[in-house]
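Undergrad: Structure provided below as structure tokens; questions to follow.
The values are calculated or read from the model by the stated rules, or taken from the named source; none is laboratory data. Since the structure is predicted, the reported quantities are computational estimates derived from the model, not experimental observations. Note that each Cβ is placed from the backbone with ideal geometry, even for glycine, and that neighbours are counted across all protein chains shown. Note: accessible area is taken over every heavy atom of the protein model, side chains too, but ligands, DNA and RNA are not part of it. Shrake-Rupley method; radii C 1.70, N 1.55, O 1.52, S 1.80 Å.
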Amino acid sequence: MADGHHWNIVKIPPIVQELAAGVHEPPSQYMVGEKDRPAIAGSDMPEPIPVVDLSRLFASNGYGNDMVVSEKQILNWCDRDVLREYTVRCREITSLVLKKLAKLLGLSEGYLVDMFDEKAMTYARFNYYPRCPRPDNVFGLKPHSDASVITIVAIDDSVSGLQLLRQGVWYDVPIVPNALLINVGDGIEIMSNGLFKGPGHRVVTNAESERVSLAMFYTLDPEKELEPVPELVDDEKRPRQYVKVKTKDYVTGLFETLARGTRVIDTVKISDNLNEIVS
Ligand SMILES: O=C(O)CCC(=O)C(=O)O
Ligand SMILES: [Fe+2]
């Protein structure tokens, strides 16, 4: 190049949806190595996922929308406010869950919720998994845990695919119609000093059906540090297990490690040796 700099040209992968329409066999970049291949069917969960009826939370109406106050009113042909309203409602659920988690950890009820100030972020990810001719070799979403504090996922109500790792076994997450899945993210793992774990999960593909999901990630202010809360660190009984990390650096770390096939939580874990130095 004129400035003497040599660029590495990285070919941008095509949109998977377009690929799926035109190929019989996914290209090699999508095929996982033999030892990491997904068994298409995971195991059944040993016990049911607890389902909490939150219908009372949704009983009020009209938030954030052009409220319907009369039958003669002209309405918008537009669903613009739906995602905003959904985000706010899911945040209410997040607050409920955080209050309960705080109590379980022996903290005051508002301890975790209060960490979410006006700069706290919500990221929405819409996942679309086209049909895949080789579900035995190709992941919809590689194994990972979420960088959020709490994630709320609206999973497809007719096609399964989400699997959860527990003690080395991948379990199928069952479809519960009209239910939201609440997942604890790595943020809780770090803040709870490892008492809760951000579970590993992945999505397997399906040869017959496409699948969709919507994940809402609730994180702290990107500039805020994630670290074990002092009340859950005890130098003798439960030494600090994670180093301090800025929320935004942790989120960036997730994408870097996902690309490499490693886990971001491992980058902030304090090994036993290091623990002696830190404490
Ligand atoms: O598609 C799903 O069911 C899960 C999606 C997920 O884990 C994610 O977006 O982080
Ligand atoms: Fe996830």
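Undergrad: Expected output is a single nm value to one decimal: the length gained when fully extending between residue 95 and residue 117, i.e. 0.36 nm times separation in residues minus the C-alpha distance. What is it? Walk me through the intermediate numbers first.
TA: Working: separation 22, 0.36 × 22 = 7.92 nm, distance 1.20 nm.
6.7 nm is the gain from fully extending residue 95 to residue 117.
Undergrad: Could you report the accessible area of residue 109 in Å², rounded to 10, computed with a 1.4 Å probe on the protein chains as they sit in the structure?
TA: 90 Å²
Undergrad: Can you send over the carbon and sulfur percentage of the accessible area for the stretch 195-279, probe radius 1.4 Å, protein chains only? Walk me through the numbers on the way to the answer.
TA: Working: 2390 of 4670 Å².
Taking all protein chains in place, the stretch 195-279 shows 51 percent carbon and sulfur surface.
Undergrad: Could I ask something else about it? Please calculate how many Å² of accessible area the stretch 67-181 carries per residue, with a 1.4 Å probe and no DNA, RNA or ligand atoms counted. Spell out each step's value before the answer.
TA: Details: 6890 Å² over 115 residues.
That works out to 60 Å² per residue.
Undergrad: A further question follows. How much length is gained if the chain between residue 178 and residue 134 is pulled fully straight, taking 0.36 nm per residue apart and subtracting their Cα-Cα distance, in nm to one decimal? Spell out each step's value before the answer.
TA: Values: separation 44, 0.36 × 44 = 15.84 nm, distance 2.91 nm.
Difference between extended and current length: 12.9 nm.
Undergrad: A follow-up question, please. Give the calculated FRET efficiency between residue 165 and residue 81 to the nearest 0.05, with a Förster radius of 30 Å applied to their Cβ-Cβ distance. Spell out each step's value before the answer.
TA: On the way: r = 37 Å, r/R0 = 1.23.
Once rounded, the FRET efficiency stands at 0.25.
Undergrad: Roughly how far apart, in whole Å, are the Cα centres of the stretch 85-161 and the stretch 202-244?
TA: 9 Å
Undergrad: Test of understanding: what is the full-extension gain from residue 126 to residue 227, defined as 0.36 nm times their sequence separation minus their Cα-Cα distance? Don't skip to the end; give the middle numbers.
TA: Values: separation 101, 0.36 × 101 = 36.36 nm, distance 2.87 nm.
Stretched out fully, the residue 126 to residue 227 stretch lengthens by 33.5 nm.
Undergrad: Sticking with this structure for a sec: Just grab the label-to-label distance for residue 24 and residue 72, each label 7 Å out from Cα along the Cβ direction, in nm (one decimal).
TA: 6.6 nm
Undergrad: Let me ask another. Are any of the pairs 119/244; 99/224; 197/237; 142/269 more than 25 Å apart by Cα-Cα distance, and if so, which? Write down the numbers at each step before the final one.
TA: On the way: 119/244 19 Å; 99/224 20 Å; 197/237 18 Å; 142/269 21 Å.
Too far apart for the 25 Å limit: no listed pair.
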